[in-house]
Amino acid sequence: MDGGRLHRLGKRLIELSSQATGEDSDLALTPGEAAVLEDVIKHPASSISEIHQRTGFVQSHVSVSVSRLKARGLVEAVTDPSDGRRTRVRIADAALQAITRRAARRIDQVLGRTIDDPAQARRATELLEELADLLL
C-alpha cells in the first residue's frame, strides 16, 4: 500500500468513525475547538499557554476556544492556586462521560450500511479489530 492510499483509507475511517459516534443532538465543534478539547482530554489541568504550545494555535485562539467550550459545559477553567495569572483547564465530568459513551458505540451498523454484503461487513469489522490490535 502506498502513502496516498493509506491517507485515503485514514480519511474514510475518520468518516466512518464520525458516523458511528455522532448523533444529530451532538454539539457541533469547530476543528479548532475539537483540537483544544482533545488536548485538554489528553493533558488535564493544562494552562492556556501549554495548550497553545501543543496545538500550535495562537494563544488568543486557545483562549476563545476554551471560553466557548466552557460556556457549553464541556470544560472547566479555574485559576491556578499557585499562580493567579494562570488558568488551568480540564474536561467537565459530564462531557467526559458523554465522550466515553460515544466512543463505546459499535461500528457494525455503519459498516453494514456501507458494505452491502453482511459477511463482508463482518470481515471488515474483524480486520479493523486486528489492525487496531497491531497498531494501537
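Where a number appears in this text, it was derived from the coordinates with a stated rule and is not lab data. In this text, all values refer to a predicted model and were calculated from it rather than measured experimentally. Here the Cβ positions follow ideal geometry from the backbone for every residue, glycine too, while neighbour counts run over all protein chains shown.
Numbers below:
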{"item": "Dipole magnitude (debye, nearest 20) for the stretch 1-68, charges at Cβ of Lys, Arg, Asp, Glu", "result": "280"}
{"item": "Rough spin-label spacing in nm, given labels placed 7 Å along Cα→Cβ, for residue 2 and residue 108", "result": "3.8"}
{"item": "Separation of the residue 135 and residue 123 label points, Cα + 7 Å toward Cβ, nm", "result": "2.0"}
{"item": "Relative contact order (%) - the chain, alpha-carbon pairs under 8 angstrom, separation at least six", "result": "23"}
{"item": "Segment residue 11-residue 77, extension gain: residue separation times 0.36 nm, minus the distance between their alpha carbons", "result": "20.5 nm"}
{"item": "Selected from 61, 31, 4, residue furthest toward positive end of dipole (the chain; charges at beta carbon)", "result": "61"}
{"item": "Nearest 10 degrees, 0 to 90: helix 118-135 Cα axis against the chain principal axis", "result": "50"}
